[in-house]
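Structure first, then comments.
None of the figures in this text is laboratory data; all of them are computed from the coordinates on show. Predicted model only: the values in this text are computed from it and were never measured. All Cβ positions, glycine included, derive from the backbone under ideal geometry; neighbour counts span all protein chains shown.
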Amino acid sequence: MQRPLAASLLTILMLTLSACSGAPGPPPEDTVAPTVPTGVTATAGSASTVHVMWSAATDDRAVTGYAVYREGRKIKDLPATTLMTDVVGLAPATRHAFTVRARDAAGNASPPSATVTATTLPADTEDRTPPTAPRTLRAIADGSRAATLTWTPSRDDTRVTAYDVYQADTRIHSAPGTATTAHVTGLRPGTAYAFTVRARDAAENSSPDGPRVELTTAPAPGAPPNTAPEELTAMAAGGEITLTWTPPDTGAPVTHHQLHLNGRLATTIVWGTTPPPARATYTFPVQDPPGTRYTVTLRAQLPDGTWGDFSAPRVVVVR
């Protein structure tokens, strides 16, 4: 009668040892919500738009996104890298209240931020005159992930209500019409950027682009030198686009470049002979109708076979 008992004790002991020495169990469940977004602001940019901005929240693991609410109703879901948005399609001369909440990968949401309000501007349907373009745009990189832009004010027959900052051909920020500076966040380390600014009035008339300004953010600690092609130009004429640029100094001839149009790989440029020692030129046909806009970027193949950093983007219009 003792053997079955001994066997049972041995079985229990083996199971206990197995449980203690086996593979680790799943990580503990994430039940901690992100912190509340702070620094929330709302600024009316026209009779139908409001620009909402906030500071990044934190989380014990990672913030994965933000939700923007108007009058307590969610109107936008945005990725964690986005700290601003334009709310459009609003009624003129109407007061609106906004809050922002952060979320993590487990679905935990922060409490709502402090409520901020903005009143859209009165409509002026008779105003068809756009403001003048902003002038003397300057940009200074603030470390590796932000930049400060400054410009000379525009003029308008009524008044300028907003300044819109564009990176390539995409609006990434809006500032009040009384501002002459903007702080742009969410940039990538060691990356070349090109910015322009347009002025806007209450009737949604936008000025032409002001002068383009370029900068390269500081590299991340320990990152290799920037390898982007420099001084890229793009010109359209006769159904063709011609690019010129200076290849990066990689210590060896650069024989391959990737051409991206609107963020997508279009072709790989391969030199059939010895690549040019200084400025390079490449012309390619386009089939799209006049007025079509392209955002062009280039990157070079490095001696180790990997692809280097992207050039600052260029916007070109088919003619």
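Quick notes
- A value for semi-axes √(5λ) of the Cα gyration tensor in Å was derived from the coordinates, and within the list (i) 44, 23, 18; (ii) 30, 23, 21; (iii) 46, 35, 16 it appears as (iii).
- For the range 230-317, the Kirkwood estimate of hydrodynamic radius, built from reciprocal distances between every pair of different alpha carbons, is 13.4 Å.
- Quotient of C-alpha Rg and 2.2 N^0.38 Å, computed over the range 41-119: 1.10
- Taking a Cβ cut-off of under 14 Å around Pro34, the surrounding Lys, Arg, Asp and Glu residues balance to a net charge of -1, with basic ones at +1 and acidic ones at -1.
- Using the Cα coordinates of the range 195-243, the gyration tensor eigenvalues translate into equivalent-ellipsoid semi-axes of 30, 22, 7 Å, sorted from longest to shortest.
- Net charge over other residues, Cβ less than 9 angstrom from the Cβ of Thr158 (K, R count +1; D, E count -1): -4
- Each Lys or Arg adds one and each Asp or Glu takes one away; over the other residues whose Cβ falls under 15 Å from the Cβ of Val254, this sums to -3.
- The chain, relative contact order [Cα under 8 Å, separation at least 6], %: 13
- Result for the chain in a Gaussian network model with C-alpha springs under 10 Å: among Phe284, Phe98, Phe195, the largest mean-square fluctuation is at Phe284.
- Within the chain, helix-based [θ] at 222 nm, where runs of 4 or more DSSP H residues each add -39,500 (n - 2.57), nearest 500: -2000 deg cm²/dmol
- Nearest 10 degrees, 0 to 90: helix 2-21 Cα axis against the chain principal axis: 20
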